[in-house]
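K.L.:
One structure coming up, written as structure tokens, with questions to follow.
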């Protein structure tokens with residue numbers, strides 16, 4: 001089930017990724033860092049490895065099959081790839097030896113990672129020359145994309161291509177001056193919104209907190225109703241106090257994950273990912289159990305705050321996956337947290353009015369308990385997978401049925 005989390009994102013992003021990664025194309029992704037300079041990777045399709053280098057591999061080779069040929073391929077790329085700037089002259093390309101892989105249906109892309117020297121003083125422009133595989137196949141194209149440039153507002157970018165190079169036009173220039181702190185801050189806000197929306201465990205934790213917001217337990221002083229008295233719950237009389245109440249609860253959640261996200265980003269406290277993800281899964285179940293049998297009577301904020309601390313460590317791993325290395329730390333953390341808060345408020349704004357409208361129905365307490373019970377089951381499933389690092393049977397169903405559908409949609 002852990003593979004269900006990014007499924008929505010996969011459905012949305014596959015058209016972009018599939019469009020970029022096509023046969024007869026190689027891609028160069030660049031990452032710009034103010035302090036450490038320019039990093040990147042060249043993504044080469046297995047088709048080229050077969051036709052140009054004569055490697056006896058299929059379209060889906062393993063890294064171990066490619067590793068013996070790494071130096072030969074890197075030497076070829078060095079002859080056909082160059083970076084320079086008008087003021088700084090030519091850069092030296094230094095391959096790191098790291099190999100990674102991207103799977104596609106028409107041939108995997110093997111990624112050769114590099115950095116440029118010298119790394120000091122970022123240029124105003126970057127001149128790229130690339131003609132690899134174009135002599136062997138004149139229809140081959142080289143796509144150059146800026147994957148990460150904080151001040152340009154490009155973070156984890158795979159869809160906006162800066163240059164399209166071909167045999168007829170193997171040279172292009174990327175302008176690095178169109179940057180500002182505002183662009184970087186806004187990009188972090190967007191990342192915060194996006195990652196709360198695709199984080200299914202975060203969303204389900206919020207759902208567990210929202211469900212009881214339109215009702216109150218009888219012992220919390222809510223006036224009884226003859227129409228509604230099941231499982232010890234009574235509907236709240238007014239919209240505004242209930243809405244403000246859930247916003248306060250979620251604010252405690254935000255405060256907590258802001259604290260730990262900052263501590264982790266500053267490398268003051270770091271917890272193993274396996275521990276963090278397991279506790280996040282557990283938090284969903286405990287919040288849901290609290291809806292059925294009160295654990296902290298009248299103190300829902302305790303669950304939101306305590307487990308929000310661990311959700312913050314989860315967000316920290318997200319920043320690491322984005323390539324964040326601590327530059328513009330304050331603006332990045334503020335922007336990301338603002339985005340998460342906006343994303344949470346949007347979720348609440350969508351769910352809360354519906355729950356408020358149906359709160360007086362006799363069905364609602366049963367719905368609250370039933371959904372909470374389902375959340376406990378989901379939480380248990382996730383916890384077992386994450387804590388013991390195993391794939392339970394539902395993952396096989398996802399792989400066999402849902403991901404082929406997602407890939408088909410992406411290739412339309």
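The values are calculated or read from the model by the stated rules, or taken from the named source; none is laboratory data. Computed from a prediction, not measured in an experiment: that's the story for all the values here. Cβ coordinates were reconstructed from backbone atoms using ideal geometry, including for glycine residues, and neighbour counts include every protein chain displayed.
K.L.:
Considering every residue within segment 141-153, establish whether at least one is touching a strand residue (DSSP E or B) at 6+ places or on another chain (Cβ under 8 Å) and surrounded by fewer than 16 Cβ atoms within 10 Å (Cβ to Cβ).
P.N.:
Checking segment 141-153: not a single residue is touching a strand residue (DSSP E or B) at 6+ places or on another chain (Cβ under 8 Å) and surrounded by fewer than 16 Cβ atoms within 10 Å (Cβ to Cβ).
K.L.:
Just the residues that are more than 18 Å from residue 328 (Cα to Cα), in contact with a helix residue (DSSP H, G or I) (Cβ under 7 Å, 6 or more places away or on another chain) and crowded, with 19+ Cβ neighbours inside 10 Å, please, taken from segment 154-192.
P.N.:
none
K.L.:
Within segment 289-306, is there a residue that is under 21 Å from the mean Cα position of the chain (by Cα), modelled with pLDDT of 90 or more and assigned by TED's automatic domain parsing to the domain that holds residue 215?
P.N.:
Looking only at segment 289-306, we keep the residues that are under 21 Å from the mean Cα position of the chain (by Cα), and these are none.
There is no residue in segment 289-306 that is under 21 Å from the mean Cα position of the chain (by Cα), modelled with pLDDT of 90 or more and assigned by TED's automatic domain parsing to the domain that holds residue 215.
K.L.:
Give segment 324-359 a look and list any residue that's surrounded by fewer than 16 Cβ atoms within 10 Å (Cβ to Cβ) and not in a helix (DSSP H, G or I), or say none.
P.N.:
If the condition is that a residue be surrounded by fewer than 16 Cβ atoms within 10 Å (Cβ to Cβ) and not in a helix (DSSP H, G or I), then 326, 327, 358 are the ones that fit.
K.L.:
Follow-up. Answer with yes or no whether residue 24 is surrounded by fewer than 21 Cβ atoms within 10 Å (Cβ to Cβ) and in contact (Cβ under 8 Å) with a residue 40 or more places away in the chain.
P.N.:
Numbers: surrounded by fewer than 21 Cβ atoms within 10 Å (Cβ to Cβ): yes; in contact (Cβ under 8 Å) with a residue 40 or more places away in the chain: yes.
In short, yes.
K.L.:
Still on this structure, please answer the following. Considering only segment 268-281, how many residues are part of a helix (DSSP H, G or I) and surrounded by 14 or more Cβ atoms within 10 Å (Cβ to Cβ)? Show your work before the answer.
P.N.:
Keep residues of segment 268-281 that are part of a helix (DSSP H, G or I), which gives 273-281.
Now restrict to residues that are surrounded by 14 or more Cβ atoms within 10 Å (Cβ to Cβ): 273, 276-281.
Final tally of qualifying residues: 7.
K.L.:
Now for a separate question. Going through 317, 332 one at a time, which residue ends up being closer than 25 Å to residue 383 by Cα, touching a residue at least 40 places away in the same chain (Cβ under 8 Å) and either assigned by TED's automatic domain parsing to the domain that holds residue 214 or under 16 Å from the mean Cα position of the chain (by Cα) (or both)? Can you show your working first?
P.N.:
Details: 332 fails: closer than 25 Å to residue 383 by Cα.
Criteria check complete, one pass: 317.
K.L.:
Taking segment 95-140 only, how many residues are touching a residue at least 40 places away in the same chain (Cβ under 8 Å) and within 26 Å of residue 178 (Cα to Cα)?
P.N.:
Residues in segment 95-140 being touching a residue at least 40 places away in the same chain (Cβ under 8 Å) and within 26 Å of residue 178 (Cα to Cα): 17 in total.
K.L.:
Just checking: which of the strands (runs of 3 or more DSSP E) contained wholly in segment 151-267 hold 1 or more residues that are farther than 23 Å from residue 353 by Cα and at pLDDT 90 or above? Don't jump to the end; show me each part of the working.
P.N.:
Numbers: elements: 161-165, 171-175, 215-217, 233-235.
Filter on segment 151-267 gives 161-165, 171-175.
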